[in-house]
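Below: the structure, in structure tokens.
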Amino acid sequence: MVIALGAGYAETCKSGSGGGSSETAGESQYGAAGSTSHLMQCTSKSYPVSFVVTDPKGGIVCETGKLLQKHQYRIKIFNSINFKKSMHYNPFAYVHSETDILKLVTTLIANTRGDGKGGDPFWEKAETLLYTALIGYIHYEAPVEEQNFSTLIEDKAVTIKIGEGQPDWSPSNEYKHFKGYMTVSEALQRSTNMIPVQLIQMLTPRACWNFLHDTLNIQSLSESDIAYSPMTLGALTNGVTPLDMAAAYQMYANGGMRTQPYCYTRVLDSRGNVVLENRPAPQRVLDYDTVTVMNHLLQRIVNAAPGTGLNANLADLGIEVAGKTGTTDDGVDEWFVGVTPYYVGVCWVGYDDQFQRDEEGNLLYDAYGKKIPNTVYYTQYPPPLLWKEVMHQVHEGLEPKAFEGSSSVIALRYCTLTGYAATPECPNSIMGWYKNENIPSACPYCTGVNPDVPIVGQKTPPPGTEVEDEDKEDDDDDDDDDD
Ligand SMILES: [Zn+2]
């Protein structure tokens, strides 16, 4: 049996603690003098609590706590006056959508209103708005991660040997410099190139090609795409169709299931008999936990700076969006794929002909003998904007909806300096999402256990240099760029 108590904690017994009264619960059964405490019996199976008691003056826990514990009751305390004295109750664990935020705010206000203060509705509305904004900010700034995605990998120059007689491959970033160590999550959010290059080195281009070609059924891939550049940065021989892209991304909204796209459900004859019927057969392509983590990561691209898909947010409709942008060299192709709990939408911007031609149709070359690409450069990256133009209308009138996810995925805050699990010593932390077997250990840097672990932004000095000064241009880390 578990009893949850509101404000008040054993330590406050001597000094007492102020607090408002609750207007929400049922009859008072533990009338601590002068307070208006309430007792609720809880029957919900999802909240394993037998009784919920509000304890505005912090008196009940002092008077009865030890006795109840002696009789095998377990007591959990949520102290809304002094959170440090709470028993690690995290309301954000229960916040999944805008509606949850409003519920939380209403509850907070109702339970901290205080005696007798009828209050001006203006201030109550203002208070609600402020709390909603604050909690929304924390909720949306926080989410996301895996294997885990708060692992640090260095954004640095990488040179890959391609093979006999072929030049080495040295890819660069859209933002033309290297940012040093960053989490995999941030790399995804920023669409950094150097991190996927290193991940594909670990996975091998062949394994990635097999997954795309055999599992996700992207049949436009050719054998020549089994190489670093096509597999990491998407410079594919024949490209990918938006339909294949949509089919591939549906797994992030369908809990890891993929259905081959189809364009009809049923064909009837004039008498209404079924002539043809399509029976989609979804297949599992990724495990539910992995997809849940990935979904959180992809939501971040649309929800939080420096995400590259912020313009595709549908927060005003209360509908979650997970997405990914993609750009090929010179801005020849610009992509955005966005999934919601209802639909997948893909936007590609580019020219039918990738290269510029003269009036006779002959290819044009620059001074170095290179074909001149047809590029799509705008001051704002267009695909998320276009996606929203269409998808906002498609979703209007639909119920607000959040993604479902695997309940075995664990939400845990991680240190933004190291990517390890946050400790009280860490100056900053954000929410990460982890598979059970990939939980990071406590931050060794901020606790002083190991001051030598890499930290975000740190750069490995190039071989032969002693001073940490890799490239003067790198000092500009304004973080406002790239897609
Ligand atoms: Zn730390």
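Here, each number is a calculation from the coordinates, and none is a lab measurement. Remember, predicted model here, so these are calculated numbers, not experimental data. Please note: Cβ atoms are built from the backbone with ideal geometry, for glycine as well, and neighbour counts cover all protein chains shown.
Quick one: what are the phi-derived ³J(HN,Hα) couplings along the range 208-216, Karplus 6.51/-1.76/1.60 with θ = phi - 60°, whole Hz, x for glycine and proline?
Residue by residue, the range 208-216 yields 5, 4, 4, 5, 5, 7, 8, 7, 8 Hz.
What ranking do Tyr434, Tyr351, Tyr175 get, fewest neighbouring Cβ atoms within 10 angstrom at the top?
Details: Tyr434 23, Tyr351 13, Tyr175 20.
In increasing order of surrounding Cβ atoms, one gets Tyr351, Tyr175, Tyr434.
Contact order normalised by length for the range 348-426, with contacts defined as Cα pairs under 8 Å and 6 or more residues apart; what percent is it? Walk me through the numbers before you get to the answer.
Details: 46 pairs, mean separation 14.3, N = 79.
Value for the range 348-426: 18 percent.
If you rank Asp352, Asp330, Asp366, Asp244 by fewest surrounding Cβ atoms within 10 Å, what's the result?
Values: Asp352 5, Asp330 13, Asp366 10, Asp244 19.
Going from least to most buried by this count: Asp352, Asp366, Asp330, Asp244.
³J(HN,Hα) across the range 181-195 via Karplus (A = 6.51, B = -1.76, C = 1.60, θ = phi - 60°), whole Hz, x for Gly/Pro?
My calculation for the range 181-195 gives 4, 8, 6, 4, 4, 5, 4, 5, 4, 8, 6, 6, 7, 6, 6 Hz in order.
Give a residue-ordered list of calculated ³J(HN,Hα) values for the range 165-171 (Karplus: 6.51 cos²θ - 1.76 cosθ + 1.60, θ = phi - 60°; whole Hz; x for Gly, Pro).
Here the 3J(HN,Hα) series is x, 10, x, 4, 10, 10, x Hz.
Please give me, ordered by residue number, the trypsin sites (Lys or Arg not before Pro) of the range 355-426 that lie in loop per DSSP and have at most 12 other Cβ atoms within 10 Å. Don't jump to the answer; show the numbers that get you there.
Values: sites: Arg357, Lys370, Lys371, Lys388, Lys401, Arg413; in loops: Lys370.
Qualifying residues, ordered by number: Lys370.
Strictly over 25 Å apart at the Cα level, which of Lys161/Lys435; Lys176/Lys370; Lys324/Lys371; Lys76/Lys103 would you flag in this model? Write down the numbers at each step before the final one.
On the way: Lys161/Lys435 34 Å; Lys176/Lys370 20 Å; Lys324/Lys371 29 Å; Lys76/Lys103 21 Å.
Over 25 Å apart, Cα to Cα: Lys161/Lys435; Lys324/Lys371.
Taking amide H positions as placed 1.01 Å from N in the peptide plane, with prolines and chain starts having none, which residues 5 or more places from Lys179, or on another chain, fall under 5 Å of its amide H?
Amide H neighbours of Lys179, under 5 Å, 5+ apart: Asp155.
What does the net charge come to around Val349 if you take all other residues with beta carbon closer than 10 Å to its beta carbon, with K and R at +1 and D and E at -1?
-2
Just to be sure I understand the model, the point goes 7 Å from the Cα along the line to the Cβ. What's the resulting Tyr342 to Asn374 distance in nm?
That separation, rounded to one decimal, is 3.4 nm.
DSSP loop (so not H, G, I, E, B), at most 15 other Cβ within 10 Å: list which GluC sites (Glu not before Pro) in the range 329-436 pass both filters. Don't jump to the answer; show the numbers that get you there.
Numbers: sites: Glu334, Glu359, Glu360, Glu389, Glu396, Glu404, Glu425; in loops: Glu359, Glu360, Glu396, Glu404, Glu425.
Taking the range 329-436 and a limit of 15 other Cβ atoms within 10 Å, the loop GluC sites (Glu not before Pro) found are Glu359, Glu360, Glu396, Glu404, Glu425.
Give the long-range amide H neighbours of Gln356: residues separated by 5 or more places, or on another chain, with amide H under 5 Å away, using H modelled in the peptide plane at 1.01 Å from N.
Leu364, Ile372, Asn374
If amide H atoms are built 1.01 Å from N in the plane of the peptide, which residues on other chains or at least 5 residues away come under 5 Å of the amide H of Ile319?
Amide H neighbours of Ile319: Lys401.
Arrange the following residues from fewest to most other Cβ atoms within 10 Å of their Cβ: Trp169, Trp433, Trp348. If you can, show how the numbers build up before the last one.
Details: Trp169 15, Trp433 28, Trp348 18.
Ascending number of Cβ neighbours within 10 Å: Trp169, Trp348, Trp433.
Return the FRET efficiency for the residue pair Asn450, Ser270: r is the Cβ-Cβ distance, R0 is 60 Å, and the value is rounded to the nearest 0.05. Before the final figure, lay out the partial values.
Working: r = 76 Å, r/R0 = 1.27.
Step by step, r from the Cβ atoms, then E = 0.20.
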